Amino acid sequence: MPPRFARRLSGALVIALLAAASVRALGGTLDAVVVTLVGAVAAGLAAMGIRGPAPAASGPAGPDVGQILDEVLDGIAEPVLLVRGKRVTCANAAARALLGRHIVGEDVRVAIRHPAAADRLAGEAPLPGRPVELVGLGAPDQRWEMRIGETSDGARIVHLVDQSGRHAAEKMRVDFVANASHELRTPLASILGFVETLTDGAGDDPALRARFLKVMFDEAQRMQRLIEDLISLSRIEGEKYRLPAERVDIGELLEDVYAELAAGGGDRVADVTIGFEDDLPAVVGDEVQLSQLIHNLVGNAMKYGRPGSPVTATVGRDGSGMVRFTVTDEGEGIPAQHIPRLTERFYRVDAGRSRSVGGTGLGLAIVKHIVERHRGRLDIASKVGVGTTVSVALPPAEPDRPTVTAEATVIKG
Ligand code: ADP
């Protein structure tokens with residue numbers, strides 16, 4: 001590469017990077033940075049002549065600047081097109097993957113087949129300005145935002161920003177608020193109905209009054225469980241990016257949870273067996289959250305397992321050195337199509353059954369968030385008619401130094 005041209009090329013790249021960094025520093029979004037970067041590189045290259053300087057007659061061949069521009073564009077994960085007049089003159093790999101491999105040379109309104117895009121791209125002149133939303137481009141549930149920038153020589157830079165994830169997250173938030181309100185309204189309506197009936201005279205009959213008060217108490221407890229789970233969920237989500245700092249012995253924690261369950265009584269406690277391996281390493285975790293995780297998973301195995309059938313909860317080290325907590329029940333199992341959705345908030349296989357056993361529909365969503373915060377892994381395996389195994393793998397605190405020593409494998413039940 002001739003040294004003068006190499007200096008100019010690196011100068012153009014440095015200016016492009018500085019421009020992009022300034023946009024970012026001034027509070028610009030990542031998208032604005034990308035557009036600035038592409039625009040600045042394109043402008044720099046255009047100023048030099050898009051194919052670079054003519055190679056010196058006797059010297060080595062010069063760089064193919066067009067190829068460098070292609071490589072820069074291909075390095076951008078989102079679709080970017082360069083449009084001159086109405087023709088697409090350049091499209092990066094992401095644009096070709098979304099719109100088809102043959103878009104270069106096509107009329108841009110044919111390349112981006114979308115009515116909203118066609119309206120904006122109809123004119124020849126550069127048309128920066130407000131982004132245009134393109135719903136259903138590429139796939140029915142995909143949403144893109146089309147932004148248009150311009151180069152110094154009047155070409156248009158069309159940048160498509162994928163908004164599908166943001167839109168899905170917004171929909172989830174709206175659904176969550178609607179579901180939570182519905183879940184709270186049902187027991188509240190029941191309580192208000194019974195209060196009204198009691199005030200209307202049913203309260204005079206002691207047997208009836210006791211029965212109604214019992215229903216009201218159960219419904220109020222249902223609301224309380226739901227509110228507690230909602231608070232837990234929002235707390236855990238709020239701490240998502242704060243790594244836990246305590247050293248937690250999961251075997252000991254399992255023993256504590258088992259003792260709490262045993263103290264609380266209930267028909268199913270006698271069916272639960274716990275066990276943990278010797279010399280288990282501690283995990284770096286949040287003790288309160290991990291205790292809640294164990295409660296939720298053992299609780300589900302007790303709730304959804306057949307009465308009298310065994311529930312086994314164990315802690316051991318798996319093949320990859322992770323500390324694995326596993327709960328197995330011999331319940332009716334879960335049909336395969338439901339398994340991927342079980343950790344969604346309020347998703348239940350059988351809503352009536354869940355409510356009748358005191359479920360809120362949030363237990364596994366809470367578990368999922370706790371596992372994510374602990375950089376762990378959640379696995380659910382189930383066979384209809386046989387039972388369910390849920391396991392959580394957590395990274396050990398210090399992989400090669402056991403920190404917890406148990407005398408022997410403890411089995412209780
Ligand atoms: P819930 O409060 O309803 O138990 P979860 O989020 O804990 O909510 O679980 C979601 C759904 O997954 C439950 O409603 C139930 O249908 C199913 N489920 C969870 N654990 C088990 C299990 N061990 N056996 C069978 N079904 C289960």
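The values are calculated or read from the model by the stated rules, or taken from the named source; none is laboratory data. Just so it is clear, the model here is predicted, and its values are computed rather than measured. Backbone-built Cβ (ideal geometry, glycine too); neighbour counts: all protein chains shown. Note: accessible area is taken over every heavy atom of the protein model, side chains too, but ligands, DNA and RNA are not part of it. Shrake-Rupley method; radii C 1.70, N 1.55, O 1.52, S 1.80 Å.
Of ARG373, ARG211, the order by accessible heavy-atom surface (1.4 Å probe, DNA, RNA and ligands excluded), from most exposed downward, is ARG211, ARG373.
Residue ranking by accessible heavy-atom surface, 1.4 Å probe, largest first, among ASP119, ASP70 comes out as ASP119, ASP70. Projecting the alpha carbon convex hull of the range 177-266 along each direction and taking the average yields 9.1 nm². Rolled with a 1.4 Å probe across the full set of protein chains, the surface gives ARG375 an accessible area near 130 Å². Legend: translational diffusion of the range 257-369 by Stokes-Einstein, Rh = Kirkwood radius over C-alpha pairs, 20 °C, 1.002 mPa s; D = 141 µm²/s.
Element breakdown for the range 171-238 at a 1.4 angstrom probe: carbon and sulfur atoms account for 62% of the accessible area. Only protein atoms count toward the accessible area here, which uses a 1.4 Å probe; on the range 239-373, the carbon and sulfur part of that area reaches 52 percent. Using the Cβ-Cβ distance between PHE217 and ARG166 with R0 set to 41 Å, the FRET efficiency from 1/(1 + (r/R0)^6) comes to roughly 0.45. Annotation for ILE339 and SER181: the two label points, set 7 Å from Cα along the Cα-Cβ direction, are 3.6 nm apart.
Distance distribution note for the range 65-162: the fraction of Cα pairs above 24 angstrom is 12%. Extension gain for ASP278 to ASP379 (0.36 nm times residue separation, less C-alpha to C-alpha distance): 34.0 nm. Scaled to the globular estimate 2.2 N^0.38 Å, the Cα spread of the range 261-315, given as radius of gyration, is 1.25.
Rounded to the nearest Hz, the phi-derived 3J(HN,Hα) couplings of the range 375-386 under the Karplus curve 6.51 cos²θ - 1.76 cosθ + 1.60 (θ = phi - 60°) are 6, x, 9, 10, 10, 10, 10, 8, 10, 4, x, 10, where x marks glycine and proline. Relative contact order of the range 246-288, please, whole-number percent, based on alpha carbon pairs below 8 angstrom and at least 6 residues apart. Reported as a whole number, the value is 72 percent. Once all protein chains are placed together, SER320 keeps about 90 Å² accessible to a 1.4 angstrom probe.
Taking every Cα-Cα distance in the range 344-400 and sorting them into 5 Å bins starting at zero, the pair-distance distribution P(r) comes out as 4, 15, 19, 22, 20, 10, 5, 3, 1, 0 percent. Of the trypsin sites (Lys or Arg not before Pro) found in the range 127-194, not one falls in a DSSP loop while having at most 10 other beta-carbon atoms within 10 Å. What does the charge add up to near THR360, with Lys and Arg as +1, Asp and Glu as -1, over the other residues with Cβ less than 12 Å from its Cβ? Charge balance in the 12 Å sphere: +3. The accessible-area ordering, largest first, of the residues LYS214, LYS240 stands as LYS214, LYS240, per a 1.4 angstrom probe. Between ARG225 and THR89, the simple spin-label model (points 7 angstrom out along Cα→Cβ) gives 6.7 nm. Roughly speaking, what is the centre-to-centre gap between the range 177-240 and the range 89-165 when only Cα atoms are used, to the nearest Å? Computed from Cα coordinates, the inter-centre distance equals 52 Å. Computed over the alpha-carbon atoms, the range 124-210 gives an Rg to Rh ratio of 1.53, Rh here being the Kirkwood radius from the mean inverse distance. Taking 0.36 nm per residue of separation and subtracting the Cα-Cα distance, full extension of the segment from VAL174 to VAL104 would add 21.2 nm.
Solvent exposure of LEU378, expressed as accessible area, is near 40 Å², computed with a probe of 1.4 Å over the protein chains only. Using a cutoff of 8 angstrom between alpha carbon atoms and counting only pairs six or more residues apart, the relative contact order for the range 171-238 works out to 35 percent.
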